[in-house]
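For reference, the structure is listed below as structure tokens.
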Amino acid sequence: MAPPVVIAASVLQYLIAATFVVITVIAYRYGTDAQRAAQAEVARQGFPVEVLARHRVKFSEGAVDALFPFGIAVCLTVLGTLNLAGSDVGRILTWILQPILLVGGGLTTAAQVFPVRYVAPAFAKSGDAARGIDVQAFIGAAQRAFPRLLRPLVITRFALVTAGSVLVIILLAVPSANAWFR
């Protein structure tokens, strides 16, 4: 049986994978409604709804958009399973890919945890109609179109992608893990 540190690392990888799948499914299911809500709020403020597309503000998720997060989930699931099996390849690949997820996923998920903080400055600096839009209002309208469960899931994924990734790397490097992978 795998040592507790390896089990914990694999469970963290499975949890991160699960958040990518669940959030993507929610975005696919409710994203169009959220996009419409954001556009309606922008229109209510007297701005053209195209300004959102022009600035790549998108709440909807298509099938192609889902491929990347599903791919991340598959990779993490495979790595977690390889680590549980004692495969040194799994541990080495985890040490290579988990830091990439930490940085890339951390930046991406931070923008999802703090959307107004990321969108408002971009709109304020723009030279078009976006400058006068109440960002908090249209993001709030979009967020209300999603299930209430989404926000805690996004925060959980951020915590798992950042602190969880660091913990996975550390757990697989401790001496009790070394014995499992020999």
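Listing for the model above:
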item	result
Residue in the range 30-39 that is basic (Lys, Arg), surrounded by 15 or more Cβ atoms within 10 Å (Cβ to Cβ) and under 29 Å from Ala122 (Cα atoms) present	yes
Matching entry among Ala40, Ala9 (being closer than 11 Å to Ala142 by Cα, of a type in the set (Gly, Ala, Ser) and either free of Cβ contacts under 8 Å to residues at least 24 places away in the same chain or part of a helix (DSSP H, G or I) (or both))	Ala40
Tabulated pairs, the range 44-68, first more than 20 Å from Phe123 (Cα to Cα) and of a type in the set (Asp, Glu), second surrounded by 13 or more Cβ atoms within 10 Å (Cβ to Cβ) and at pLDDT 95 or above, C-beta under 6 angstrom, 6+ apart or interchain	Glu61/Ala27; Glu61/Tyr28; Glu61/Gly31
Search result, residues across the range 136-160 that are under 14 Å from Gln35 (Cα atoms) and either touching a Lys or Arg at 6+ places or on another chain (Cβ under 8 Å) or assigned to a helix (DSSP H, G or I) (or both)	Ala137, Phe138, Ile139, Gly140, Ala141, Ala142, Gln143, Arg144, Ala145
Test for Ile169: is it without any contact (Cβ under 8 Å) to a residue 60 or more places away in the chain, surrounded by fewer than 18 Cβ atoms within 10 Å (Cβ to Cβ) and not in a loop (DSSP other than H, G, I, E, B)	no
Tally, over the range 119-131, of residues that are under 24 Å from Arg151 (Cβ atoms), touching a residue at least 40 places away in the same chain (Cβ under 8 Å) and surrounded by 15 or more Cβ atoms within 10 Å (Cβ to Cβ)	2
Test: residue in the range 132-144 that is surrounded by 14 or more Cβ atoms within 10 Å (Cβ to Cβ) and closer than 30 Å to Arg182 by Cβ	no
Scope the range 76-90; condition part of a helix (DSSP H, G or I), touching a residue at least 24 places away in the same chain (Cβ under 8 Å) and either of a type in the set (Asp, Glu) or surrounded by fewer than 21 Cβ atoms within 10 Å (Cβ to Cβ) (or both); matching residues	Thr77, Thr81, Leu84, Asp88
Residue in the range 50-62 that is over 30 Å from Arg182 (Cβ atoms), surrounded by 14 or more Cβ atoms within 10 Å (Cβ to Cβ) and modelled with pLDDT of 95 or more present	no
Unmet requirement for Leu15, which otherwise passes all of (1) in contact with a helix residue (DSSP H, G or I) (Cβ under 8 Å, 6 or more places away or on another chain); (2) among the aliphatic types (A, V, I, L, M); (3) outside any helix (DSSP H, G or I)	(3)
The range 145-166, subset basic (Lys, Arg) and touching a helix residue (DSSP H, G or I) at 6+ places or on another chain (Cβ under 9 Å), residue surrounded by the most Cβ atoms within 10 Å (Cβ to Cβ)	Arg157
Among (1) touching an Asp or Glu at 6+ places or on another chain (Cβ under 9 Å); (2) not in a helix (DSSP H, G or I) - the single one Val51 does not satisfy	(2)
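The values are calculated or read from the model by the stated rules, or taken from the named source; none is laboratory data. Computed from a prediction, not measured in an experiment: that's the story for all the values here. Quick reminder, even Gly has a Cβ in these numbers, built from the backbone with ideal geometry, and neighbours come from all protein chains shown.
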